Amino acid sequence: MRRRNILVVGAGPVGAVAALACAQLGHSVALLEAQARIDDSPRASTTQPPTLEILARLGLIDEYLRVGLVARTFQFWDRGTLTRVAEFDFERLRGETDFPFVVQTEQHKLANMAIERLGEDSVFFDSKVIDLREEEDGVAVRCENGAQFAADYVIGADGGRSTVPKLLGIEFEGFTCPERFLVITTRFDFPAALGCCLRNYMADPDEWTNLFKVAGDDLQGRWRAVYNTRKDETDAEALSDASVRARLSRIYVPEGERDYLHLNLYKVHQRVAKQFRKGRVFLCGDAAH
């Protein structure tokens with residue numbers, strides 16, 4: 001196999017894992033990240049069996065299981081009556097996959113462990129890509145800090161605000177939902193209070209709620225309660241202490257236990273790049289959809 005120079009833009013979990021996979025296949029890899037460090041703010045938390053199989057092939061699975069929570073089931077609830085409607089068990093997939101479960105943990109852990117395997121000489125922080133040009137025999141990339149790179153191929157994995165498709169002139173087709181998602185991180189013990197499992201989807205005609213437990217950096221566990229906002233609700237209102245505590249009350253958290261660790265409010269897009277490849281450049285992860 002011919003050794004190629006691969007440049008990966010974006011050191012989130014998708015970019016870091018893609019870079020490690022390319023390196024393990026014998027290619028020369030450079031991983032560029034616009035920020036000074038890996039973003040450890042609460043984001044996506046569930047890793048499905050097909051991804052766990054990839055992590056096993058890359059030699060990451062044991063460490064990933066150690067820093068996460070194994071969740072075999074997930075449940076659907078009627079929030080208003082606090083009635084469990086259905087439970088799905090991944091154990092039914094035994095024989096179809098070596099991992100009949102999901103792992104609940106923070107995505108920055110995966111990015112960091114992949115980067116550690118890749119090696120610090122291959123990772124360039126504070127390297128925001130501002131120019132990308134395909135040439136006859138490769139791709140030339142220039143960063144805001146003045147650094148320049150040449151690669152045989154480029155993988156754009158720099159998230160939902162990716163600069164790579166913009167530089168390529170690739171359009172994103174779709175729409176943005178009028179409601180936003182509010183994520184409240186708390187240590188409240190929902191299974192003890194409600195009898196739920198580690199992943200729960202609670203239906204309500206006006207305000208649904210999803211409950212997910214993650215391991216936390218300290219492995220002590222914490223919960224993320226995800227809500228939709230009202231169409232007319234401002235950011236300031238959604239993030240206000242009174243509003244947050246009111247929302248926690250509506251999922252049966254007692255008044256004295258409505259403290260929270262972190263808030264995150266974000267827009268929800270249903271958009272897909274018009275094409276996932278242009279010449280020698282490929283789009284992956286949120287940079288593609």
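The values are calculated or read from the model by the stated rules, or taken from the named source; none is laboratory data. Fair warning: this is a prediction, and the values are worked out from it, not measured in the lab. Reconstructed Cβ throughout: ideal geometry from the backbone, glycine too, with neighbour counts over all protein chains shown. Remember, those area values only see protein heavy atoms, side chains included, never the ligands or the DNA or RNA. Shrake-Rupley method; radii C 1.70, N 1.55, O 1.52, S 1.80 Å.
Over all directions, the projected convex hull of the C-alpha atoms in segment 163-289 averages 10.2 nm² in area. Computed with a 1.4 Å probe on the full set of protein chains, the accessible area for Thr234 sits at about 80 Å².
Label reach from Ala56 (point 7 Å along Cα→C-beta): in segment 87-123, amide nitrogens under 14 Å belong to 91, 93-103. Note on Arg142: accessible area is roughly 100 Å² with a 1.4 Å probe, heavy atoms of protein only.
If you take the Cα Rg of segment 11-128 and divide it by 2.2 N^0.38 Å, with N the number of residues, what do you get?
Values: Rg = 17.0 Å, N = 118, 2.2 N^0.38 = 13.5 Å.
That works out to 1.26 for segment 11-128.
For Gly12, the shell of other residues with beta-carbons less than 9 Å away shows a net charge of -3, using +1 for Lys and Arg and -1 for Asp and Glu. Using 0.36 nm per residue and subtracting the Cα-Cα separation, the extra length available between Ala147 and His269 on full extension is 40.7 nm. With a Cα cut-off of under 16 Å and a minimum spacing of 8 residues unless on different chains, the lysine pairs in the chain number 5. Let me know the whole percent of all Cα-Cα pairs from segment 60-134 that are separated by more than 20 Å. That tail contains 59 percent of the Cα-Cα pairs. For the chain, hydrophobic long helices are taken as DSSP H runs at least 30 Å long by C-alpha position along their axis with mean Kyte-Doolittle hydropathy of 0.5 or more; none is present.
Extent along the principal axes, Cα only, for the chain: 64, 46, 31 Å, with the longest axis given first.
Computed over segment 133-224, the alpha-carbon pair-distance distribution with 10 angstrom bins reads 11, 27, 18, 22, 17, 5, 0, each value a whole percent.
Dividing the Cα radius of gyration by the Kirkwood radius, what Rg/Rh value follows for segment 130-187? Mind showing how you got there, number by number?
Working: Rg = 16.7 Å, Rh = 14.3 Å.
With Rg and the Kirkwood Rh in hand, the quotient comes to 1.16.
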